[in-house]
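Notes follow the structure.
The values are calculated or read from the model by the stated rules, or taken from the named source; none is laboratory data. Treat the numbers as computed from the prediction; the structure is a model and nothing was measured. Every residue, glycine among them, receives a Cβ derived from its backbone with ideal geometry; neighbour counts consider all protein chains shown.
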Amino acid sequence: MRIAVIGAGLMGRAAIFDLARIDDVEKVGIYDIDTELAAQIGATYGNGREVCGGLDAGDEDAVAAILADYDAAVSCVTYKFNPGLTRAAIKAKCHLVDLGGNNDTVLSQLEMNDEAEKAGVIIVPDCGLAPGMVAVLVADGVARFDKVSSVNIRVGGLPQSPRPPLNYQMLFSAEGLINEYWEPCVILEGGIKKTVNPMTAVELLEFDGLGKFEAFYTSGGTSTLPDTYKDQIDFLDYKTIRYPGHCALFKPMLEIGMASRKKVRVNSVEVEPRSVFKEVLNRNLSFGEPDMSLVRLIFEGEKDGTNRTIVYEIVDRQDNKTGLTSMMRMTAFPAAIIAWMAADGQITARGCKPQEVIVNPAAFIQQLKKRQINLTIKE
C-alpha cells in the first residue's frame, strides 16, 4: 500500500518513521512546502521507501493530483489546512486522517460526510494524542460497562526535568498550545454539552514514581466525544497535565492580550501580539531535553449491577535510540496507525466520522503495544 504524509515538521517526521517501517507499506510520500526539507526528512526517516516532493497544502488541486496516487494520507500540517485537504482527498478518492486540534475545523470536516461516503473514502479528523488516541481509549473503556456515569481524561506532554519558571518546554507548535489554552472547552455535564473556560478548575494529581502535577481545562481534547456520548454519559471532561504552578503563571499572559490577533502599533510598525508571543515561546522554551507523556482516563459506572471504577494509564518517555520525542510518538503514531488501518481495509466505514465510532479499539491498542506505547488498565 501507499501512504502519503503532508508536512515534514516534527509530527510529520514521526509519522514517516512509523509508516516506513510497516511491512506492507511499500511507498511513503513526503510532501512539504519546503522541497529541500521534504528530501532531507525522507533521507533520514524514509527507510528507503520515500518519495519526496514540494507541495503547498493550501493548493487543493495540487494536493488532489498527488493524493490520487495514494491509498491513504496523514495531514501533519496546521489544522487550518484540513478542510481543504479533506476536499482534496475526497476528490482524489484517498483516505485521510489528520492531527486536528480545533473544534470548529473538525465540525466543518464532518459536514463533508456525504461527499466522502459517495467517494468511498474515510476521513478521520483529530487523530493525534488528545484530541486523538484518547478517544479510542474512551470507546474501549465505555464498552466495559453497562452504564457509564463519568469519564475524566487527563493528558500532558512534559519535560522530564522541568526548568522554572514555567516548568515547560515546546513539544509541538506554539499556535497549537495557545489554541488549547485560549479557546472554549467542551464537556458533558448531566449528559448535555457545556462550554467551560480554559485554564480553569485546576486540580492536583499524582503519578507513581513521578510526583505531583496539576491539571486544568484546555480546548480541543474532548473533540467529538461530547457529541458521540451525549445522553449516554452523565459527565465527561478533559484537562491538560502540567507541573504545579504552570497555570497560575501562564494564564495572566493570555489575559493581558498575548493571544490576540488584533495588531498593535510598536515603533510605527503594526504587529500581532500572538505572533510575537509564539516566537518568544519557541525561542525561550525550546530546550530539546528528554520529554514524557502522561495519560490517565478514569471511568466510573455500573457493570452487572455493581459500581465500578477503571483507570487507564500510559507513561511514555522519549525514545533516545530513534531520537523521536515522546510527544512525536504519542501524537503521530496513532494517526499513522489509523491511516494504515484505513488503507489495509481494517476500517470499513466511509464518510467523515469520529475515530471512537469507526476504529476497533482492541486492534488499535495492539498496534500501540507493538510500538512500545503500553497501556495499563487498573480495575
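Annotations for the structure displayed:
- Taking the numbered list (1) more than 22 Å from residue 140 (Cβ to Cβ); (2) polar (S, T, N, Q); (3) buried (at least 19 other Cβ atoms within 10 Å of the Cβ) in turn, residue 228 passes all entries but (1).
- Options 287, 333, 299: the member that is within 24 Å of residue 209 (Cβ to Cβ), assigned by TED's automatic domain parsing to the domain that holds residue 17 and either within 23 Å of the chain's Cα centre (by Cα) or in contact (Cβ under 8 Å) with a residue 40 or more places away in the chain (or both): 333
- Qualifying residue in the stretch 101-113 (condition: under 25 Å from residue 222 (Cα atoms), modelled with pLDDT of 95 or more, touching a Lys or Arg at 6+ places or on another chain (Cβ under 8 Å) and among the aliphatic types (A, V, I, L, M)): yes
- Of note, residue 292 does not satisfy the criterion of being on the phi < 0 side of the Ramachandran plot and part of a helix (DSSP H, G or I).
- Condition broken by residue 23, with the remaining ones in (1) part of a helix (DSSP H, G or I); (2) more than 24 Å from the chain's Cα centre (by Cα) satisfied: (1)
- Of the strands (runs of 3 or more DSSP E) lying entirely inside the stretch 91-189, those containing at least 2 residues that are outside the structural domain of residue 290 (by TED's automatic domain parsing) and hydrophobic (A, V, I, L, M, F, W, C) are 95-98, 122-124.
- Here the stretch 313-329 is the region considered, the condition is being surrounded by fewer than 17 Cβ atoms within 10 Å (Cβ to Cβ) and among the β-branched types (Val, Ile, Thr), and the residue that is nearest to the chain's Cα centre (by Cα) is 315.
- Search result, residues across the stretch 1-16 that are closer than 19 Å to residue 288 by Cα, part of a helix (DSSP H, G or I) and of a type outside the set (Lys, Arg): 10, 11, 12, 14
- First in the stretch 202-219 and in the same structural domain as residue 188 (by TED's automatic domain parsing) and of a type in the set (Asp, Glu), second anywhere and surrounded by 10 or more Cβ atoms within 10 Å (Cβ to Cβ) and in a loop (DSSP other than H, G, I, E, B), Cβ under 7 Å, 6 or more apart: 214/202; 214/244
- Of all positions in the stretch 57-72, at least one carries a residue that is among the charged types (D, E, K, R), under 16 Å from residue 123 (Cβ atoms) and either in contact with a helix residue (DSSP H, G or I) (Cβ under 6 Å, 6 or more places away or on another chain) or in a strand (DSSP E or B) (or both).
- Scanning the stretch 241-291 for residues that are touching a strand residue (DSSP E or B) at 6+ places or on another chain (Cβ under 6 Å) and aliphatic (A, V, I, L, M) yields a total of 1.
- Residue list for the stretch 26-41, filter: in contact with a Lys or Arg (Cβ under 9 Å, 6 or more places away or on another chain) and not in a strand (DSSP E or B): 26, 41
- Flag for residue 348 being under 29 Å from residue 69 (Cα atoms) and modelled with pLDDT of 95 or more: yes
- Residues of the stretch 243-283 satisfying the condition of being under 25 Å from the mean Cα position of the chain (by Cα) and loosely packed, with under 12 Cβ neighbours inside 10 Å: 261, 279, 283
- Of all residues in the stretch 11-39, those satisfying the criterion of being surrounded by fewer than 19 Cβ atoms within 10 Å (Cβ to Cβ) and either among the aliphatic types (A, V, I, L, M) or without any contact (Cβ under 8 Å) to a residue 24 or more places away in the chain (or both) are 23, 33, 35, 36, 37, 39.
- Scanning the stretch 201-216 for residues that are of a type in the set (A, V, I, L, M, F, W, C), surrounded by 10 or more Cβ atoms within 10 Å (Cβ to Cβ) and in a strand (DSSP E or B) gives 205, 207, 213, 215, 216.
- Among the numbered conditions (1) buried (at least 17 other Cβ atoms within 10 Å of the Cβ); (2) touching a residue at least 24 places away in the same chain (Cβ under 8 Å), the only one that residue 53 does not meet is (1).
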